[in-house]
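Following: one structure in structure tokens, then a few remarks.
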Amino acid sequence: MDKKSIELTRVLLLLAPDPMPESQQSLLGKISSSVIESDLNTEIYKFGNKEIIYQLLSSLFVKEIREN
């Protein structure tokens with residue numbers, strides 16, 4: 001944003017086929033918004049290990065399934 005170089009240490013890459021069912025689009029949207037949803041989630045994505053990130057993503061999946 002400020003055109004300064006930054007060191008990249010981690011990337012969250014969301015890939016999906018086109019076309020994609022709306023239910024899957026909704027789930028990817030929830031994952032994407034979870035990154036900035038709370039400071040805790042941001043820290044988990046930044047510094048969390050595989051297991052804790054897996055738990056966070058699993059909770060998003062379960063929540064999405066229960067809502068639909």
Item checked: Pair list, Cβ < 9 Å and 6+ apart or interchain, from the range 32-45 residues that are closer than 13 Å to LEU12 by Cα to residues that are outside any helix (DSSP H, G or I) and modelled with pLDDT under 95 -> SER32/LEU12; SER32/LEU14; VAL35/LEU12; TYR45/ARG10; TYR45/LEU12
Next item on the list: Considering only the range 4-25, state which residues are without any contact (Cβ under 8 Å) to a residue 40 or more places away in the chain, under 23 Å from GLU67 (Cβ atoms) and either acidic (Asp, Glu) or assigned to a helix (DSSP H, G or I) (or both).
Entry: GLU22, GLN24, GLN25
Check: Does the range 46-55 contain at least one residue that is open to solvent by 100 Å² or more (accessible area, probe 1.4 Å), out of contact with any Asp or Glu (no Cβ under 6 Å at 6 or more places or on another chain) and in contact (Cβ under 8 Å) with a residue 40 or more places away in the chain?
Finding: no
Check: What tally of residues in the range 15-33 results from selecting those that are of a type outside the set (D, E, K, R) and surrounded by fewer than 10 Cβ atoms within 10 Å (Cβ to Cβ)?
Finding: 3
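The values are calculated or read from the model by the stated rules, or taken from the named source; none is laboratory data. Owing to the predicted nature of the structure, the values given are computational and were not obtained by experimental measurement. Cβ coordinates were reconstructed from backbone atoms using ideal geometry, including for glycine residues, and neighbour counts include every protein chain displayed. Just so you know, the surface numbers come from the protein's heavy atoms only, side chains and all, with ligands and any DNA or RNA stripped out. Shrake-Rupley method; radii C 1.70, N 1.55, O 1.52, S 1.80 Å.
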